[in-house]
Ligand code: ADP
């Protein structure tokens, strides 16, 4: 077949139909005789050619249709089977060019979406986009975690259906109704985040408006503020008793003079004990404030130290107390157990644990102190034969001013800060402190520190 003006082939069934028409004309013009037979034969052949050719065309269209369907389904590399003719070749080239353009556009769109996704997951703010009816359009991972949203099955659903947080829902309603940005602090229940600072920004245009919620988890901040407020209240309460004593007894002494030496000695004794208490309290408070500083370990010296020297130093400081209570301290620390530590701080932590063990255990019992290497950590354990501590107290035991028996602690000269100091000293060394009350009785406190010191940011 000859190519027509625009380069495509003349359609074969048209040629065949034309042939049939010519044959029938000959037949009619020639009248009766051998000519009609020839004309009818030619016409039949031409119609057969036309029918076959049309069928082939239809198959080609079907092939093209299914190819486009495959490309539409994402099979970007699909192409027409080779048939060798010029038309198919041109079609193949055209499709290939469209495929390349489509693939490039898709890659660009994917890149943009990846960039956006990276950006959204890098920021520590939770983002939730809601439409005008408060249906969830999208949320980033942080928001999913804060609100406990499950995977992506929340998309398109009403916020009220997906989360049961009345304060947040009320805020979203107000923010969606307002044309102005607004902020508030809301409280959540049953999720990791308890307090959220929420900002609502109206979304105009896209999809009939809506609101974008930006969520900041301020739970830790609020807890810290509470801890600090409690601490300040506790400090003033603890300081008030000895100061009131000192003030009262000094005033009485001024009033009564020195006529009654017996009474004067008694009053001076009370003043002395109150002064000691005041000074221990202030020392503990100052030490905690020092340990609480940001990046405190950058202000401290750490050196590779044999732990038995640190432990023996602490034991020496409580030897009089142990003698007074007829208690025995047994030490089991290998000479070759070393760690990178600030020895005076670590010695203070061990001293706190030892003096607690001596204070809270019955007279005549034994306190055992040991050092071990466990999973690359140097571990110091202080075990006593005392009454142990009820399980309910264990989670809060290392908090400042937490006491199991406040009266007993004060009577024994405790400030309620000893274990908080132990915990902070362990943290300054990149380690941790823990407590365990075994069924066999007594209490075991442990300090675990990595053998090489680690910088802990934020401490
Ligand atoms: P305190 O100055 O009151 O001893 P700590 O912070 O050292 O403060 O200890 C907190 C509380 O933990 C104590 O008041 C005491 O009730 C309890 N405790 C600490 N060590 C022991 C121990 N070895 N045996 C029993 N109770 C203990």
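No value in this document is a laboratory result; all are computed from the given coordinates. Because the structure is a prediction, the values reported are computed rather than measured. Cβ atoms come from the backbone with ideal geometry, glycine included; neighbour counts cover every protein chain shown.
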>> Using only DSSP helix segments of four residues or longer, with each worth -39500 (n - 2.57), what per-residue ellipticity at 222 nm results for the chain after dividing by its residue count and rounding to 500?
In response: -18000 deg cm²/dmol
> In percent, how large is the relative contact order of the stretch 296-450, given Cα pairs closer than 8 Å and 6 or more residues apart?
Replying inline: 23
> Once both labels are modelled 7 Å past Cα along the beta-carbon direction, what's the residue 289-residue 404 spacing in nm?
Replying inline: 3.1
> Can you list, bin by bin at 20 Å, the percent of alpha carbon pairs in the chain, starting at 0?
Replying inline: 16, 26, 23, 14, 10, 7, 3, 1, 0
> Taking only the alpha-carbon atoms of the stretch 373-439, what semi-axes of the equivalent ellipsoid follow from 5 times the gyration tensor eigenvalues under a square root, in whole Å, largest first?
Replying inline: 23, 16, 11
> By how many degrees, 0 to 90 and rounded to 10, does the Cα axis of helix 86-122 deviate from the longest principal axis of the chain?
Replying inline: 20
>> Please arrange 161, 391, 238 by how many other C-beta atoms lie within 10 Å of their C-beta, fewest to most.
In response: 391, 161, 238
> Any number yet on Rg/Rh for the stretch 222-291, C-alpha, Kirkwood?
Replying inline: 1.18
> What is the mean projected area of the alpha carbon convex hull for the stretch 123-217, to one decimal in square nanometres?
Replying inline: 5.3
> Does the stretch 210-343 classify as rounded, prolate or oblate by the C-alpha gyration tensor (a ≥ b ≥ c root eigenvalues; a/c under 1.5 gives rounded; else a/b over b/c gives prolate, otherwise oblate)?
Replying inline: oblate
> From the square roots a ≥ b ≥ c of the eigenvalues of the alpha-carbon gyration tensor of the stretch 276-364, which class results: rounded (a/c under 1.5), prolate (a/b over b/c), or oblate?
Replying inline: oblate
>> Over the Cα atoms of the stretch 345-458, each weighted equally, I'd like the Debye log10 I(q)/I(0) at q = 0.13 Å⁻¹, rounded to two decimals.
In response: -0.48
>> Can you give the FRET efficiency to the nearest 0.05 for residue 70 and residue 375, using r as the Cβ-Cβ distance and R₀ = 60 Å?
In response: 0.60
> Could the peptides 223-230, 139-146, 50-57 be put in order, highest first, of the mean number of other beta-carbon atoms found within 10 Å of their residues?
Replying inline: 139-146, 50-57, 223-230
> Sorted by mean Cβ packing within 10 Å, highest first, what order do the peptides 294-301, 366-373 take?
Replying inline: 366-373, 294-301
